[in-house]
Structure formats: structure tokens, C-alpha cells
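To keep things clear, I will list the structure first and then write my remarks on it.
The values are calculated or read from the model by the stated rules, or taken from the named source; none is laboratory data. Please read all numbers here as calculations on a predicted model, not as lab measurements. For neighbour counting, all protein chains shown are included, and Cβ atoms are generated from backbone atoms with ideal geometry for every residue, glycine included. Ligands, DNA and RNA are excluded from the accessible area calculation, which covers all protein heavy atoms including side chains. Shrake-Rupley method; radii C 1.70, N 1.55, O 1.52, S 1.80 Å.
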Amino acid sequence: MISIREQDYGLDVALFNEFTLADFQLLEQALLKRLEERDKPDMLLDLTELKDFTLDMAMEEVRFMRAHEEKLGRVAIVVGDVWIRLATHIAGLLSHTHVQYFDLIEEAQAWLARPVAA
């Protein structure tokens, strides 16, 4: 299940239980909409309640990120589970987005609220 909220900096995305292809397609639509409205939107990914993800979703995520990575800003990932952290790190190696990991949502939001250094 996925929850997506628009923010001044871009999007807040929270994932619960299993992250499926249908969930990722909702995220894709929201990101594409924000790309039309804002240059290089940032994103907060809250994965603290994520338990699993599907392989087809992972493949689509890599495809999408490689196609749009130069249009995206920073990505703040809040995650506790070591295996989910490892999976997101491996996926991040396949793109050039600026990813930072956090233990608390408040820390991630504060990082995204700071201006981007030129």
C-alpha cells in the first residue's frame, strides 16, 4: 500500500506492507505530475512500515529512475530494516540520484527543507 502527499519540496511517500507494481505506477504518475509543476522535485520515502516488495516493481523502479534521474532532486529515505535498506542501496547504485538515509522522518524532512547547495 502507498500514501503520496505533495509538499513544497516535492513528494512525501509512505509505503506499507508490500510495495507492488500497482503502487509504483501510482508513484510514477505522481512524480511525473510534480515534474511538470516543479524543477527537480525532492522526495521523502518512508519505508519504516515496508515489509516486502515485488520483483516486477523493482524492475520498473530501476527502469523509471534511469529514464528520469536527471530530472529528480534529492531523495530522503527513512528505513529501519537492514534488508530493505540494502535493497534500496543496491537500486540506488543503478542511478545517479542524490540519496540520503535517515532513521527518523523529522531528520529527513529537515534535510529536504534545507536549500540545495549550488
Kindly report the accessible area of region 1-50 per residue (heavy atoms of protein chains, probe 1.4 Å, no ligands, DNA or RNA), in Å². 52
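How long is the gain from Q29 to L55 if the chain were fully straight, where each residue apart is worth 0.36 nm and the alpha carbon distance is subtracted? Mind showing how you got there, number by number?
Values: separation 26, 0.36 × 26 = 9.36 nm, distance 1.96 nm.
Working it through step by step, the gained length comes to 7.4 nm.
What order, most packed first, do the peptides 54-60, 29-35 have when packing is the mean number of other Cβ atoms within 10 Å of each residue?
On the way: 54-60: 13.9, 29-35: 16.3.
In decreasing order of mean packing, 54-60, 29-35 become 29-35, 54-60.
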Amide H of Y9: which non-local residues (sequence gap of 5 or more, or other chain) have their own amide H closer than 5 Å, using H built in the peptide plane? none
